[in-house]
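See below for the structure under consideration.
The values are calculated or read from the model by the stated rules, or taken from the named source; none is laboratory data. Please read all numbers here as calculations on a predicted model, not as lab measurements. Here Cβ is always computed from backbone atoms with ideal geometry, including for glycine, and neighbour counts include all displayed protein chains.
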Amino acid sequence: MMARWQDPHLEQLAAHLPSGCYRSFIGVPLQLGNEVLGTLELINKIPSAPGHRDWFTDDDEEYLRLLSTAIGGVLEGARYLRTLNDVGVTTMRMQRVASFGSLAQRILHETANPLAVARLASSNLLRDLQTVLAPAERAGGDAPGSGPHLLSQEQAQRIGRRMAVIENSLNDVGDKLLNLLVCSQRAGMNRVRVQWNDVVREVLIWSAAERQQREVRVHTSYGSLPSVFVEPNELFGILVTALHVAMEALPATGGVIEVRTTFVVDENAIRTDMRVSQASRAEHVSAILAAHAEALEQLSPLRFEWALAQEIIQAQYGGRLVWQAVKGEELGDQQAVVEIVLPIRRGER
């Protein structure tokens, strides 16, 4: 039986046996399809009673093979779950990117016809007004009510200027809607060079109303950072998710979040810390963000937003998004920090 398996570890294991050799051995491969992940091995069978056989039988080998098959099924299921998770996160990201273009197309479609009618009516009205007032201008009439007209030349010119302003404004609206459509179709795919501190400030301004409602105060410390070549809208969403996670760790009465940006020379990366000093709900947040929720209430949308943010920053930028909950120095003091590390790739500085 030993010769059939040809295990390279036989000699190493034998060195630990009192007799220096095997009394009995059995092993089976642990594999998924054609991929061998390892082996299941047993040595020196313990007899059930003194004098009973101390060697492995064919039944023992069959039992070990069944165990190997069961373990292989579990491992294969774990791989499927991991693949489904990756596909789900990627799908969520692509749906978000596609929604920008869909929304802009819908806005353009819903406003194009009324806008075209308004522009045409404005042009026609301006032309009719000029046609009606042309005889008065040629006659030089400038008094109100002169001839068959009710408007003086000055009043007519003033109305003409106002109509021109309306027409130009309608043209600007149409151009801006077209730009919105073009930009939204490239959302999530167009990288530009930005200042990271500016992106953080925009997130804090955007969340000001929510922070005020939840009585959350933010203390900021901005380091001297190089510019980064990123997709701002994408990282804006990551920062918003990180801020929501940090606020979720605070008690209902609110608290303070310290936001700090620094440049880590050793990693050639920008690091952003959102530190919560009084994170009384840190354990609850840790349960939500865990890889496997144990209760139905832990299946929060925040968990999927967090997974999406982690996937984006890791796959697209080679960075990391980490949640840490630590015990404070004082009894009952709980602290938490959300860490965002964004590497600066070669040639970006």
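Some notes on this structure:
- Of residues in the stretch 228-247 being of a type outside the set (Val, Ile, Thr) and at pLDDT 90 or above, the one farthest from Ala282 (Cα to Cα): Leu239
- Glu248 vs. criteria within 12 Å of Arg214 (Cβ to Cβ) and among the acidic types (Asp, Glu): yes
- Screening Glu215, Glu283 for residues that are at positive phi, out of contact with any helix residue (DSSP H, G or I) (no Cβ under 6 Å at 6 or more places or on another chain) and surrounded by fewer than 18 Cβ atoms within 10 Å (Cβ to Cβ) leaves exactly one candidate, Glu215.
- Selection of the stretch 241-276 for residues being in a loop (DSSP other than H, G, I, E, B) and surrounded by fewer than 16 Cβ atoms within 10 Å (Cβ to Cβ) yields Pro251, Ala252, Thr253, Val265, Asp266, Glu267, Asn268.
- Residue check for Leu235: closer than 18 Å to Pro301 by Cα and crowded, with 19+ Cβ neighbours inside 10 Å: no
- Pairs with Cβ under 6 Å, 6+ apart, first in the stretch 54-78 and touching a residue at least 24 places away in the same chain (Cβ under 8 Å) and under 18 Å from Leu37 (Cα atoms), second among the β-branched types (Val, Ile, Thr) and surrounded by 14 or more Cβ atoms within 10 Å (Cβ to Cβ): Leu64/Val28; Arg65/Val28; Ser68/Val28
- Members of the stretch 222-242 that are of a type in the set (A, V, I, L, M) and farther than 16 Å from Gln324 by Cβ: Leu225, Val228, Val230, Leu235, Ile238, Leu239, Val240
- Scope the stretch 175-197; condition surrounded by 13 or more Cβ atoms within 10 Å (Cβ to Cβ), assigned to a helix (DSSP H, G or I) and modelled with pLDDT of 75 or more; matching residues: Trp196, Asn197
Yes/no per residue for (1) of a type in the set (A, V, I, L, M, F, W, C); (2) modelled with pLDDT of 80 or more; (3) surrounded by 12 or more Cβ atoms within 10 Å (Cβ to Cβ):
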site: Ala291; (1), (2), (3): yes, no, no
site: Leu296; (1), (2), (3): yes, no, no
site: Leu308; (1), (2), (3): yes, yes, yes
site: Gln314; (1), (2), (3): no, yes, yes
site: Arg320; (1), (2), (3): no, yes, yes
site: Val337; (1), (2), (3): yes, yes, yes
